[in-house]
Amino acid sequence: MTVVLNAPFNVDVPVPPFRPGPVGTHITIRGLTKYFAGWPLYENFDLDIPKHKITSVFGPNGCGKSTLINMIAGLVPIDSGEILFDGKTLKDTKIGYVFQNYREALFPWMRTIDNIAYPLKLEGKSKAEVDRRMAELVASFDVKFDLNRYPYELSGGQQQTASIMRALAPNPEVLFLDEPFSALDFEMTLFIREKLQEVFMQTGTTMLLVSHDLEEAVYLADEVLLLTKRPTRVAEILPYTDTRPRTIETLTEPSFIHAKKRSLEVFQREVRR
Amino acid sequence: MAATPISTALPGAAAQPWTPAVSDAVAVAPRQPSWDKVLPFIGPVVLFIVWDLAVRLGFVKAILLPPPIDALSALITGLAGGPLLHDFGMTVWRTVQAFLFAAIVGMPLGVLLGSSEKAYRSVEFLIDFFRSTPSSALIPLFLMIFGVSEINKVAIAAFGALLIVVFNSAYGVINARKQRVMAAKVMGASRWRVFKDVLIWESLQPSFVGLRSAVSMALVIVIVAEMFIGADSGLGNRIINSQQVMNVRDMYASILAAGALGYALNVLFLMLEKRIVHWSGR
């Protein structure tokens with residue numbers, strides 16, 4: 001005679017259907033939520049990042065530019081939401097990551113060449129495969145310094161070049177760059193910017209670049225992703241379509257100046273809001 | 001009135017100060033580096049002279065302090081095949097045993113504890129407590145466990161040294177650069193690979209600091225143990241024996257030998273650290 005009163009019943013919580021991004025989307029972010037110290041940094045954040053393009057992330061201080069790419073790269077855990085790479089999870093996706101602080105990104109106990117080969121060794125590649133890939137990388141980067149030295153024996157620019165080579169060694173689908181030029185002097189910034197452009201033209205690797213320098217962000221970008229203050233949303237996505245290779249002359253083209261001006265306007269609007 | 005000072009000043013000022021000024025500038029500049037090489041010897045030489053004068057002028061009784069030449073010659077003849085050499089060797093051997101035990105057990109233990117922060121936090125108090133306890137205070141305890149034996153002297157030194165090594169290695173892992181760990185993770189390294197390829201290497205430099213302090217600690221405790229735990233050999237034993245028969249020459253020679261040993265061990269470990277942890281400080 002036992003009757004369960006108030007028996008639990010299932011409520012059909014409607015699961016929002018997955019909305020794929022437009023054609024040519026590489027990374028889809030849906031319902032991303034991240035709290036920092038009890039405050040929302042990202043709440044129900046949606047974003048599509050295009051394939052075979054460079055997307056520059058730009059926004060006000062503290063809006064979580066680096067946090068965004070770190071969440072996508074799996075370095076910072078997310079509270080909820082879904083991030084897919086061509087429909088796959090991060091686990092099934094090969095990525096490369098370039099840190100701002102190259103000094104603490106490379107392993108000083110390994111020679112530079114072994115640092116670059118490290119991700120290949122993690123994949124269990126044979127020595128012949130590793131050697132072939134290294135020769136390829138050295139040729140495409142036109143390396144002029146001795147890779148048998150230890151990282152701390154190289155200049156800052158050389159170390160960052162090595163970091164980028166390491167990130168690209170396993171032919172990643174996506175390359176993340178977190179303010180890769182911020183710790184470099186102007187000469188090296190120009191040099192590495194050109195290298196990145198060359199690599200992109202050769203491989204078409206999807207790149208996600210966080211930058212605090214608007215000129216640099218626009219110069220390299222196919223799309224400039226402008227973020228708002230926190231809780232962070234997409235303020236605007238501005239396309240910049242000038243053909244590559246872009247050069248010093250590009251910096252004075254009307255189309256470049258226009259793209260930079262538009263970005264600055266959106267940025268200032270968001271900062272003042 | 002106005003002409004006299006000028007006329008006297010001119011020949012002196014024009015002819016003389018010029019030539020020495022030039023020759024000084026030329027001569028002083030290259031002499032600078034050779035002076036730098038001499039600097040480290042000034043302290044010991046001054047000490048030697050003060051010591052010698054203190055004995056010679058009778059500030060200190062010769063029965064308490066022998067002239068430095070006597071102490072040094074006792075040291076040299078003693079180490080050149082004399083009985084001091086045997087005691088020196090015994091102290092080195094005990095220190096090496098204690099140190100090796102501390103290093104071989106302590107480094108892996110510290111790295112393991114450090115890689116699991118929960119494990120380290122649960123034993124942190126014990127390590128910190130016994131690390132802060134003067135090991136010599138535990139000599140009676142060790143006497144009860146090991147008796148008056150050879151093992152006892154090594155055991156207590158090893159115990160003191162072990163805690164230092166464990167503590168430093170564990171903190172080396174705990175304080176590993178987060179970004180290097182992240183770099184390895186983002187390249188797809190498993191937990192084991194992160195441990196093997198990053199954490200162990202990151203802990204090497206603090207571990208070496210630990211090893212260097214540990215070898216000093218081992219030497220201190222070995223000497224104390226040799227003094228008070230019925231030893232019949234070793235520098236500590238020799239120092240206390242010569243003190244009791246007022247053989248001050250031999251006592252000072254033994255003290256100097258112990259000092260030289262401690263200094264040499266420190267320099268040896270600094271050199272090893274520079275070789276092995278070649279990236280340290282860069």
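Data overview
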{"read-out": "B:VAL154 vs. criteria crowded, with 20+ Cβ neighbours inside 10 Å and under 17 Å from B:ALA231 (Cβ atoms)", "value": "yes"}
{"read-out": "Residue in region A:239-257 that is assigned to a loop (DSSP other than H, G, I, E, B) and among the aromatic types (Phe, Trp, Tyr) present", "value": "yes"}
{"read-out": "Single match in B:SER169, B:SER213, B:SER190, B:SER203 (criterion: more than 30 Å from A:ASP92 (Cβ to Cβ) and surrounded by fewer than 24 Cβ atoms within 10 Å (Cβ to Cβ))", "value": "B:SER213"}
{"read-out": "Members of region A:100-128 that are closer than 22 Å to A:PHE176 by Cβ and among the polar types (S, T, N, Q)", "value": "A:GLN100, A:ASN101, A:THR112, A:ASN115"}
{"read-out": "Pick from region B:241-282, criterion of a type in the set (A, V, I, L, M, F, W, C), more than 20 Å from B:MET217 (Cβ to Cβ) and in contact with a helix residue (DSSP H, G or I) (Cβ under 8 Å, 6 or more places away or on another chain), ranking: surrounded by the fewest Cβ atoms within 10 Å (Cβ to Cβ)", "value": "B:ILE276"}
{"read-out": "Positions within region A:151-182 being of a type in the set (D, E, K, R) and more than 16 Å from A:GLN202 (Cβ to Cβ), in sequence order", "value": "A:GLU153, A:ARG166, A:ASP178, A:GLU179"}
{"read-out": "Set B:SER233, B:SER190: member being modelled with pLDDT under 95, in the same structural domain as B:SER136 (by TED's automatic domain parsing), of a type outside the set (Lys, Arg) and touching a His at 6+ places or on another chain (Cβ under 8 Å)", "value": "B:SER233"}
{"read-out": "Failed item, numbered, when B:PRO40 is tested on (1) assigned by TED's automatic domain parsing to the domain that holds B:VAL220; (2) modelled with pLDDT under 90; (3) within 22 Å of the chain's Cα centre (by Cα)", "value": "(1)"}
{"read-out": "Qualifying residues in region A:176-193 (those that are touching a residue at least 12 places away in the same chain (Cβ under 8 Å) and assigned to a helix (DSSP H, G or I)) - the one farthest from the chain's Cα centre (by Cα)", "value": "A:GLU187"}
{"read-out": "Which numbered condition B:ALA103 fails, given (1) under 21 Å from the mean Cα position of the chain (by Cα); (2) in contact (Cβ under 8 Å) with a residue 24 or more places away in the chain; (3) under 25 Å from B:SER242 (Cβ atoms)", "value": "(3)"}
{"read-out": "Count - residues of region A:74-90 that are under 26 Å from A:GLU270 (Cα atoms) and within 13 Å of another protein chain (Cβ to nearest Cβ)", "value": "1"}
{"read-out": "Close pairs from region B:265-282: first closer than 11 Å to B:LEU204 by Cα and within 13 Å of chain A (Cβ to nearest Cβ), partner assigned to a helix (DSSP H, G or I) and of a type outside the set (Val, Ile, Thr), Cβ under 6 Å, at least 6 apart", "value": "B:VAL277/B:LEU204; B:VAL277/B:GLN205; B:VAL277/B:PHE208; B:TRP279/A:TYR152; B:SER280/B:GLN205"}
{"read-out": "Candidate set from region A:196-233 (those that are of a type in the set (Ser, Thr, Tyr) and assigned to a loop (DSSP other than H, G, I, E, B)); member that is surrounded by the most Cβ atoms within 10 Å (Cβ to Cβ)", "value": "A:SER211"}
{"read-out": "Matching residues, region A:108-154, being more than 12 Å from chain B (Cβ to nearest Cβ), charged (D, E, K, R) and under 24 Å from B:VAL277 (Cβ atoms)", "value": "A:ASP146"}
{"read-out": "Single match in B:ALA103, B:ALA62 (criterion: more than 13 Å from B:LEU256 (Cβ to Cβ) and modelled with pLDDT of 90 or more)", "value": "B:ALA103"}
{"read-out": "A:TYR97 hydroxyl-bearing (Ser, Thr, Tyr), in a helix (DSSP H, G or I) and within 13 Å of chain B (Cβ to nearest Cβ)", "value": "no"}
{"read-out": "Which numbered condition A:ILE237 fails, given (1) without any contact (Cβ under 8 Å) to a residue 24 or more places away in the chain; (2) over 18 Å from A:GLU270 (Cβ atoms)", "value": "(2)"}
{"read-out": "Residue match in region A:219-229 (condition: more than 22 Å from A:ALA73 (Cα to Cα) and under 17 Å from the mean Cα position of the chain (by Cα))", "value": "yes"}
{"read-out": "Any hit, region B:136-150, residues being within 22 Å of the chain's Cα centre (by Cα) and at pLDDT below 85", "value": "yes"}
{"read-out": "Those residues of region A:124-158 which are acidic (Asp, Glu) and either surrounded by 14 or more Cβ atoms within 10 Å (Cβ to Cβ) or part of a helix (DSSP H, G or I) (or both), in sequence order", "value": "A:GLU129, A:ASP131, A:GLU136, A:GLU153"}
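Residue-by-condition table, conditions (1) among the polar types (S, T, N, Q); (2) in contact (Cβ under 8 Å) with a residue 60 or more places away in the chain; (3) more than 25 Å from B:LYS196 (Cα to Cα):
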| position | (1), (2), (3) |
| --- | --- |
| B:LYS118 | no, no, no |
| B:PHE130 | no, no, yes |
| B:THR133 | yes, no, yes |
| B:ILE139 | no, yes, yes |
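The values are calculated or read from the model by the stated rules, or taken from the named source; none is laboratory data. Small disclaimer: the values here were computed from a predicted structure and weren't measured. Don't worry about glycine lacking a Cβ; one is built from the backbone with ideal geometry, like all the others, and counts go over all protein chains shown.
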